[in-house]
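A short write-up of the structure that comes next.
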Amino acid sequence: VCVNAAQRPLSHHSVRKGRRRFPDFSGPVTAEQTLPATAQRMVGLGAPAAVAGNRLRLLERPETAHAALVALVASAAQRIDATFYALEDDAVGRDFLARLAQRARDGVVVRLLLDRIGSFHAPQAELAVLRAAGGQVRFHSPFVHLPVRRHLNLRNHRKMLIADGAQVF
């Protein structure tokens with residue numbers, strides 16, 4: 001989370017590309033609410049206020065993050081929705097796709113959304129295996145947007161996987 005010199009969290013408007021303003025969707029935070037520091041920063045960036053019954057775990061090391069991602073894929077009982085900016089043709093990318101393909105063969109609905117440029121070098125053979133297993137693979141953000149849309153690059157480096165609509169990486 002970015003904090004400016006005055007120790008005030010940047011607004012979500014500050015982190016968007018382009019000049020377009022988006023409505024504040026965070027909702028009011030009352031003085032009675034005592035939010036942990038991380039939750040306060042998230043509200044400052046425009047995220048909705050924290051709700052009881054949820055848990056946030058920061059994964060600070062790549063090995064911990066990878067293990068959590070693998071565990072979440074394995075734990076899904078009904079559905080996996082994933083969106084990633086980059087998926088490389090390396091051991092990690094191939095292993096991830098093999099795990100998704102296995103879950104699709106197990107009867108889990110698997111939907112994968114990739115950025116067209118960020119995943120330009122994605123492992124095509126493994127994507128084909130995932131599709132053959134019943135997984136859905138789609139790409140977004142074409143190489144070049146038409147100039148009439150007023151932007152050429154609104155990509156971000158998203159990494160999100162949602163299992164059963166309840167757990168998010």
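The values are calculated or read from the model by the stated rules, or taken from the named source; none is laboratory data. Worth saying up front: this structure is predicted, and the values here are computed from it rather than measured. All Cβ positions, glycine included, derive from the backbone under ideal geometry; neighbour counts span all protein chains shown. In case anyone asks, the SASA skips ligands and DNA or RNA and just uses the protein heavy atoms, side chains included. Shrake-Rupley method; radii C 1.70, N 1.55, O 1.52, S 1.80 Å.
Assorted remarks:
- Test: residue 111 is basic (Lys, Arg) and either open to solvent by less than 80 Å² (accessible area, probe 1.4 Å) or in contact with a helix residue (DSSP H, G or I) (Cβ under 6 Å, 6 or more places away or on another chain) (or both): no
- Here residue 99 does not fit the description of being touching a residue at least 60 places away in the same chain (Cβ under 8 Å), surrounded by 15 or more Cβ atoms within 10 Å (Cβ to Cβ), under 18 Å from residue 167 (Cα atoms) and over 15 Å from the mean Cα position of the chain (by Cα).
- Any hit, segment 117-130, residues being of a type in the set (D, E, K, R), open to solvent by less than 60 Å² (accessible area, probe 1.4 Å), at pLDDT 95 or above and assigned to a helix (DSSP H, G or I): yes
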